[in-house]
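Each remark here refers to the structure printed beneath this line.
The values are calculated or read from the model by the stated rules, or taken from the named source; none is laboratory data. Remember, it's a predicted structure, so these values are computed and weren't measured experimentally. When we count neighbours, we look across all protein chains shown, and the Cβ atoms used for this are built from the backbone with ideal geometry, even at glycine.
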Amino acid sequence: MHTTAGGNRDRGLGKPTGNISAMTAQYPKLFEPLDLGFTTIKNRSIMGSMHTGLEEAEGGFDRMARYFAERAAAGIGMIITGGIAPNFECSRHGAMLATQDDVPDHRKVTQAVHAADPDVKICMQILHSGPLAHTPDLVAPSPVKSRIGRYVPNELDYDGVQKQINDHVQCAVLAQQAGYDGVEVIGSAGYLISAFLVEKTNHRTDEYGGSFENRMRIAVEIIERTRAAVGENFILIFRIAAMDMLQGGMSWEEIITLAKALEKAGVTIISTHFTWHESAVPTIATMVPRAAFTSVTGRLREHVCVPVITSNRINMPHVAEEVLESGEADLVSMARPLLADAEFMLKAAEGREDEINTCIACNQACLDHTMSGRMTSCLVNPRACHETELNYEPTEAVKQIAVIGAGPAGLAYATVAAERGHNVVLFEASDTIGGQFNLAKRIPGKEEFSETLRYYSRMLEVLGVDLRLNTYADADTLSEEGFDHVVVATGVEPRIPAIEGIGHEKVVSYIDVIRGTVDVGQKVAVIGAGGIGFDVCELISHSGKSSALDRDLFAAEWGIDFENHPRGGVTGVEPQVPASPRDITMLQRKDSKVGAGLGKTTGWTHRLTLARRGIKMMNSVEYVRIDDAGLHILRDGEPHCLDVDTVILCAGQESLRTVYEAADGRGLVAELIGGAYEAAELDAKAAIYQASHSAAAI
């Protein structure tokens, strides 16, 4: 238990209901049960809400049942589903729980979770998207279009507000009937309720607008009426924007006022959220330090007596333990980490932390998919959300398999095949595993990529893969050892564009730049503006410590004031972005906006970061030649010469297939995977996905 700062309110929380297993002793706080009075959460871990697309897919609820049940069986304390709409005004085509006809599908999910572990709680998130809805019928407190919204919302009249409140209540009642242990009402992120809370999106003059007491009325009434409808023995969570990252957003005093009012209205738990979707501050990308926002939760926790959840970039057990030990939260929410590894909590309990497949916050297969209407999955775990389709069953015919190349594709294939029982030899010509991930982890803001290499290194040991470093596997070796199957995952090599003077001493490869084996001048041209080009620009424009490893540096760079908490946490705070130590121009042939092909949820952060450092970006460029004077180009038919000391080539890749062609020529059964199969923009997501599916089938 703990008290408030004044020490005058005993919350009566955190009383263990039994002996904590010796296996969980390394993380006593994480595995401590939480007594809610009418029920107990078995530990302090939550699989946070994350919409996956299963909610709308054909047969999606059966798949969702399997997806959540695997996490429940592995020891998570509580699950919160992806957002479910309470009515048509917020979702014409998305999943809803609005009538009795919707209940049976949801019951499939709750029954599967409770069958996996009766002690695991599952709550359904009620999400009314309000001004972010993709329907012309969308509603909001005022007709204020979101910066990222599709339509101008329809303003609710008084009766319309009452309907939205009643629909939330009805949705909660139906969730209770479907077997959920509770619901989470989302009041953040720019969705309906949060649009009422913030003055810039609420221009009303009735009892639901004007003063903050009026603006928060809808949130309080939803909780009051829901509590009256579902009774006392049902978990009610409200997700509050504890720092919304909006200029002119909610003040700290308003957040405290709302939290206290919600507590009085009957919430069981308050969940803290950070940012609106339209905010210009990253909160979930890999460049964000671990547990960057938990101190905000900790401050709010001192003002309420109900348990408080914190979230964002808590991706390993020791991080969760530190947050709980510091008193910054009662529960930790981890959504993407449970995509990356369904057995996260089981491995933590059994002292197998080094076997956790860590979420690296790349967003490439999860949130990028979600925001573009594709099925969510995970770059490092392609089984996520595909548990009924992709399984690694024991093989009935053991094969001797050679995997050539220990990059992401080779590592994924080797570990999946070995897990299934095949005998695998993994050849790697260099002295370390990882391939292109060894470059990625050197980029400031991508340090998390080293976690994936740690995971694979450990799994090669656990699964007994015969790893042969500093070994080039040629056709003779493969023939002599009598392999049944050869998998060529030799990756890619940089493409050398046909530009006059490409052999000039000014020209260097991105690989050498990232490895630090060449000197880079003060005036630089980067040819190629894909992901590699942006990574290189990030590296050579950066100086000092990576802000991904330092919360204060991160806050300064993105204009966040954690200490004084102005409105939104950012109002009036100027980002302090260190200027680039070099004069850099990034160029591309395409007419599209530079960086248009970057990830939907993180691309804007990379573009904004480099722009703030003064990096120039040019599209529609024709490369003419490179000579002592610099890089000669044509743009809009006009000739230009960029006076640069260094030209860095980031102009794509070509597949390395020499071993495959030699093996095929010897009659060996061979296949190509990863970059060796298709040398598009470096794509670890596609490589791991393809390798895992292929290894699951052999």
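Here Asp101, Asp105, Asp62 are screened, and the one residue that is assigned to a helix (DSSP H, G or I) and within 26 Å of the chain's Cα centre (by Cα) is Asp62. The number of residues in the range 250-280 that are under 15 Å from the mean Cα position of the chain (by Cα) and in a loop (DSSP other than H, G, I, E, B) comes to 2.
If the condition is being part of a loop (DSSP other than H, G, I, E, B), farther than 20 Å from Ile218 by Cβ and modelled with pLDDT of 95 or more, then the range 109-144 contributes Asp117, Pro118, Asp119, Val120. Within the range 576-593, one or more residues are under 30 Å from Thr376 (Cβ atoms), over 26 Å from the mean Cα position of the chain (by Cα) and surrounded by 14 or more Cβ atoms within 10 Å (Cβ to Cβ). Does Ala525 fit the bill of being in a strand (DSSP E or B), within 32 Å of the chain's Cα centre (by Cα) and over 21 Å from Ala406 (Cβ atoms)? Yes; evaluated as a whole, the condition is true for this residue.
May I ask you to list pairs of residues, at least six apart or on different chains, whose Cβ atoms are under 7 Å apart, with the first in the range 278-296 being farther than 17 Å from Arg567 by Cα and touching a residue at least 60 places away in the same chain (Cβ under 8 Å) and the second being charged (D, E, K, R) and not in a loop (DSSP other than H, G, I, E, B)? These pairs meet every condition: Pro289/Arg551; Ala292/Arg551.
A quick yes/no check of all residues on (1) buried (at least 24 other Cβ atoms within 10 Å of the Cβ); (2) closer than 30 Å to Thr601 by Cα:
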| residue | (1), (2) |
| --- | --- |
| Arg225 | no, no |
| Glu232 | no, no |
| Ile235 | no, no |
| His273 | yes, yes |
| Glu278 | no, yes |
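Let's see how each residue does on (1) assigned by TED's automatic domain parsing to the domain that holds Thr257; (2) under 28 Å from Lys545 (Cα atoms); (3) aliphatic (A, V, I, L, M):
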{"site": "Phe274", "(1), (2), (3)": "yes, yes, no"}
{"site": "Val281", "(1), (2), (3)": "yes, yes, yes"}
{"site": "Ile284", "(1), (2), (3)": "yes, yes, yes"}
{"site": "Val288", "(1), (2), (3)": "yes, yes, yes"}
{"site": "Phe293", "(1), (2), (3)": "yes, yes, no"}
{"site": "Val296", "(1), (2), (3)": "yes, yes, yes"}
{"site": "Glu302", "(1), (2), (3)": "yes, no, no"}
{"site": "Val306", "(1), (2), (3)": "yes, no, yes"}
{"site": "Asn312", "(1), (2), (3)": "yes, yes, no"}
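Identify all residues within the range 65-114 that are surrounded by fewer than 21 Cβ atoms within 10 Å (Cβ to Cβ) and charged (D, E, K, R); write none if there are none. Scanning the range 65-114 gives Arg66, Glu70, Arg92, Asp101, Asp102, Asp105, Arg107, Lys108. Consider the range 638-675 and keep the residues that are at pLDDT 90 or above and not in a strand (DSSP E or B). The one that is surrounded by the fewest Cβ atoms within 10 Å (Cβ to Cβ) is Asp643. Candidates in the range 484-498 are the residues that are surrounded by fewer than 18 Cβ atoms within 10 Å (Cβ to Cβ) and either part of a loop (DSSP other than H, G, I, E, B) or hydrophobic (A, V, I, L, M, F, W, C) (or both); of these, the one that is nearest to the chain's Cα centre (by Cα) is Arg495.
Quick test for you: out of Thr477, Thr415, pick the one residue that is at pLDDT 95 or above and among the polar types (S, T, N, Q). First the steps, then the outcome.
On the way: Thr477 fails: at pLDDT 95 or above.
Unique residue meeting the criteria: Thr415.
For the range 499-529, which positions are among the small types (Gly, Ala, Ser) and buried (at least 21 other Cβ atoms within 10 Å of the Cβ)? Before you say what the answer is, go through the steps one by one.
Within the range 499-529, the subset among the small types (Gly, Ala, Ser) is 501, 503, 509, 516, 521, 525, 528-529.
Those that are among the small types (Gly, Ala, Ser) and buried (at least 21 other Cβ atoms within 10 Å of the Cβ): Ala525, Gly528, Ala529.
Which of the residues spanning the range 46-77 are among the small types (Gly, Ala, Ser) and in contact with a helix residue (DSSP H, G or I) (Cβ under 9 Å, 6 or more places away or on another chain)? Reasoning before the result, please.
The initial filter retains those residues of the range 46-77 that are among the small types (Gly, Ala, Ser), namely 48-49, 53, 57, 59-60, 65, 69, 72-75, 77.
Of everything in the range 46-77, those that are among the small types (Gly, Ala, Ser) and in contact with a helix residue (DSSP H, G or I) (Cβ under 9 Å, 6 or more places away or on another chain) turn out to be Gly48, Gly53, Ala57, Gly60, Ala65, Ala69, Ala72, Ala73, Ala74, Gly75, Gly77.
Listed by first and then second residue, the pairs linking a residue in the range 390-403 that is under 14 Å from Gly464 (Cβ atoms) to a residue that is of a type in the set (Val, Ile, Thr), with Cβ atoms under 6 Å apart and 6 or more places separating them unless they lie on different chains, are Ile401/Val424; Val403/Val487.
For the range 134-152, how many residues are within 14 Å of Glu278 (Cβ to Cβ) and surrounded by 24 or more Cβ atoms within 10 Å (Cβ to Cβ)? Here the count works out to 1.
Which of the residues spanning the range 391-444 are assigned to a helix (DSSP H, G or I) and small (Gly, Ala, Ser)? Reasoning before the result, please.
Initially, the range 391-444 is screened for residues assigned to a helix (DSSP H, G or I), giving 408-419, 437-440.
Residues satisfying the conditions are Ala409, Gly410, Ala412, Ala414, Ala417, Ala418, Ala440.
The condition (being in contact (Cβ under 8 Å) with a residue 60 or more places away in the chain, touching a Cys at 6+ places or on another chain (Cβ under 9 Å), aliphatic (A, V, I, L, M) and surrounded by 24 or more Cβ atoms within 10 Å (Cβ to Cβ)) is satisfied by just one residue among Ala406, Ala384, Ala361, Ala348: Ala384. Only one of the numbered conditions (1) surrounded by 22 or more Cβ atoms within 10 Å (Cβ to Cβ); (2) at positive phi; (3) not polar (S, T, N, Q) is violated by Val424, and that is (2).
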